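Structure, as structure tokens:
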């Protein structure tokens with residue numbers, strides 16, 4: 001993402017590291033929310049385990065996903081959700097709401113990069129929650145652990161999925177330049193992402209025609225790709241292809257986000273007279 | 001005296017709906033987008049059930065047709081609650097920003113005033129719920145007889161009352177702990193996720209919890225089990241228990257209301 005602020009001074013990394021640190025500290029003050037997200041995660045781990053157990057007990061299991069693989073899939077999906085379900089760029093919407101974005105434009109910083117570092121700080125804090133959540137989750141379910149190289153590719157793919165999610169959230173929050181009521185739209189996108197991203201149900205067990213639709217949408221690159229790599233449905237021979245598709249979506253969405261951001265930022269200038 | 005007070009309340013309640021509908025008409029785009037959200041929310045839930053049950057035709061003996069009825073029954077009760085009582089959920093906000101104190105000095109029941117605080121409520125979800133439930137009833141092949149016609153409206157009201165009891169209970173907690181968002185989030189999620197499937201798939205502890213402690217199973221599972229004639233469910237309770245929902249709803253609200261009175265008597269303003 002490039003800057004729109006004219007003639008900014010030489011780039012320094014230090015302020016952005018500071019923004020990220022501040023965001024982490026801010027998140028840490030809501031301790032009860034931390035407790036809630038872990039509790040709600042554990043409830044869902046239990047729920048999905050019971051659901052899949054009930055479904056596998058009386059029906060023929062799909063050959064590509066045996067019971068232990070699907071329970072692993074669901075648990076990892078929920079853990080990924082701790083990071084992926086955060087709206088890292090909410091700050092943009094809030095600042096548009098109260099008007100404080102105007103002063104941010106006057107500061108000698110790259111504004112989108114400021115939101116990125118703030119969001120990353122928030123995400124890093126929540127990523128730390130994965131460890132205790134995982135330990136608790138292991139008390140409820142047993143999950144498979146793949147070999148180290150597969151795990152490494154999984155993390156690369158997870159990171160690309162995170163970038164897609166970031167661009168999508170940023171785009172949605174940019175809509176606030178035009179209309180401040182974006183909550184409903186965000187929720188709609190969240191539900192669609194959950195379903196078509198394969199967060200709740202693996203896309204490989206979708207009916208064929210829905211599978212074809214789901215795999216051409218960007219949402220599949222957010223959850224489904226890293227998860228299918230983890231459980232071994234995507235074999236090493238296809239790694240380059242699926243990572244390429246993820247990278248493609250990162251670039252496409254980043255370009256769109258840049259254009260929308262520029263158009264939106266111009267409006268602010270116009271309103272400011 | 002009593003009669004005239006009732007008339008005043010009715011008048012206020014009419015005004016409340018008038019303002020709601022006028023506000024909705026004023027912010028039409030906003031309304032449309034929230035309608036879109038309601039569609040996607042319930043649509044994606046039903047789609048998820050359909051996808052899973054296409055691949056695995058039976059969940060503990062329940063087919064997609066059965067599950068559609070189960071979902072429709074929950075949806076209509078939940079939508080009825082959201083339409084009439086969603087404002088109860090705003091009470092913690094009123095307490096936090098001090099607005100609540102204004103309700104205390106007015107000459108009408110405090111809870112009634114909280115319920116009748118205008119916002120942007122519109123019965124869109126309820127209408128969608130009615131359509132979904134009618135379609136699900138037809139699709140699941142439930143026999144519509146006199147018993148069904150008499151009991152289903154009562155069960156829906158009972159289900160909405162169970163919802164109201166939890167909404168009121170959580171809002172009352174705000175008298176002691178100002179922030180209750182986290183608690184609400186957990187209960188909402190419990191309800192939403194655990195009412196989606198027949199409770200016979202869970203372990204005994206969870207089944208007991210959903211029957212006796214947080215009786216969400218009475219919103220849809222027990223009545224659906226009765227009307228779908230699911231005799232083989234692993235449960236010690238007789239199927240007729242599914243007709244008890246209205247009673248459970250009334251009891252739940254009575255308990256929550258007693259708690260509310262207690263909270264109200266202990267209330268001291270946050271100070272503004």
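Would you confirm whether any residue within the stretch B:44-66 is in contact with a strand residue (DSSP E or B) (Cβ under 7 Å, 6 or more places away or on another chain) and either under 28 Å from residue A:188 (Cβ atoms) or more than 14 Å from every other protein chain (Cβ to nearest Cβ) (or both)?
Within the stretch B:44-66 (the criterion being in contact with a strand residue (DSSP E or B) (Cβ under 7 Å, 6 or more places away or on another chain) and either under 28 Å from residue A:188 (Cβ atoms) or more than 14 Å from every other protein chain (Cβ to nearest Cβ) (or both)), the answer is yes, since at least one residue qualifies.
Condition first: surrounded by 19 or more Cβ atoms within 10 Å (Cβ to Cβ) and either within 14 Å of chain A (Cβ to nearest Cβ) or part of a helix (DSSP H, G or I) (or both). Now tell me which residues in the stretch B:208-223 satisfy that.
Going through the stretch B:208-223, the residues surrounded by 19 or more Cβ atoms within 10 Å (Cβ to Cβ) turn out to be B:210-211, B:215-223.
Scanning the stretch B:208-223 gives B:210, B:211, B:216, B:217, B:218, B:221, B:222, B:223.
Which of the numbered conditions does residue A:134 fail, given that it passes all the others? Conditions: (1) away from chain B (no Cβ under 14 Å); (2) under 17 Å from the mean Cα position of the chain (by Cα); (3) under 17 Å from residue A:158 (Cα atoms).
(2)
Please specify each residue of the stretch A:194-210 satisfying the condition of being over 21 Å from the mean Cα position of the chain (by Cα) and more than 10 Å from every other protein chain (Cβ to nearest Cβ).
A:208, A:209, listed by residue number.
So which helices (runs of 4 or more DSSP H) stay within the stretch A:1-111 end to end and still have 3 or more residues that are modelled with pLDDT of 75 or more, within 20 Å of the chain's Cα centre (by Cα) and within 25 Å of residue A:254 (Cβ to Cβ)?
Output list reads A:14-28, A:67-84, A:90-98.
Suppose the filter is at pLDDT below 90 and surrounded by fewer than 17 Cβ atoms within 10 Å (Cβ to Cβ); does residue A:191 pass it? Before the answer, list the steps.
Details: at pLDDT below 90: yes; surrounded by fewer than 17 Cβ atoms within 10 Å (Cβ to Cβ): no.
So residue A:191 does not fit the description; no.
Return the residues of the stretch A:38-81 that are at the interface with chain B (Cβ under 10 Å from one of its Cβ atoms), over 21 Å from residue A:196 (Cα atoms) and touching a helix residue (DSSP H, G or I) at 6+ places or on another chain (Cβ under 7 Å); say none if nothing qualifies.
A:39, A:40, A:43, A:46, A:50, A:54, A:56, A:61
What's the total number of residues in the stretch A:212-227 that are under 14 Å from residue A:200 (Cα atoms) and free of Cβ contacts under 8 Å to residues at least 60 places away in the same chain?
Total meeting the criteria: 4.
The values are calculated or read from the model by the stated rules, or taken from the named source; none is laboratory data. Owing to the predicted nature of the structure, the values given are computational and were not obtained by experimental measurement. Virtual Cβ from ideal backbone geometry, glycine too; neighbours counted across all protein chains shown.
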